[in-house]
1. Please go through segment 20-51 and give me each residue that is within 12 Å of GLU94 (Cα to Cα) and either of a type outside the set (Asp, Glu) or modelled with pLDDT of 95 or more (or both), ordered by number.
2. Would you say LYS29 is free of Cβ contacts under 8 Å to residues at least 24 places away in the same chain, surrounded by fewer than 11 Cβ atoms within 10 Å (Cβ to Cβ) and either touching a Ser or Thr at 6+ places or on another chain (Cβ under 7 Å) or in a helix (DSSP H, G or I) (or both)?
Amino acid sequence: MANKDLSHDIDVPKWDVALAALAKEECAKKGAGMSVDDLKRLAIAHSTRFDDLVVTIFELTLAGEWRYRDAVGKVKKLTRKDINDLYVNGRIHEKDMKGFDGTWSPA
């Protein structure tokens, strides 16, 4: 068998595809966007770290795959800086998400 470098042929998403599918499925079941409380509940129900789920949702939002709507329903553009500012000790915790009182949903 020939050795071939495939590193340039594989596109690796910046998010966890399994968590993305789980969140998308949850939104479809719910029929609405997901709040921080919904993300926390989903993480607990599936024995997943809250941080991993939130980072996946943020990466999907940055890529334009998902949207974040604030508490009044207005789409808010998030930036990499917005997300980087949330990291405390290398993880995003529920308390770090205070300003995010809206919902995320697939675009």
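1. Step one: filter segment 20-51 for residues within 12 Å of GLU94 (Cα to Cα), giving 35-41, 43, 49-51.
Passing the criteria: SER35, VAL36, ASP37, ASP38, LEU39, LYS40, ARG41, ALA43, ARG49, PHE50.
2. Details: free of Cβ contacts under 8 Å to residues at least 24 places away in the same chain: yes; surrounded by fewer than 11 Cβ atoms within 10 Å (Cβ to Cβ): yes; either touching a Ser or Thr at 6+ places or on another chain (Cβ under 7 Å) or in a helix (DSSP H, G or I) (or both): yes.
Answer is yes for this residue.
The values are calculated or read from the model by the stated rules, or taken from the named source; none is laboratory data. Being a predicted model, the structure only gives us computed values, none of them experimental. Neighbour counts run over all protein chains shown; Cβ positions are idealised from the backbone, glycine included.
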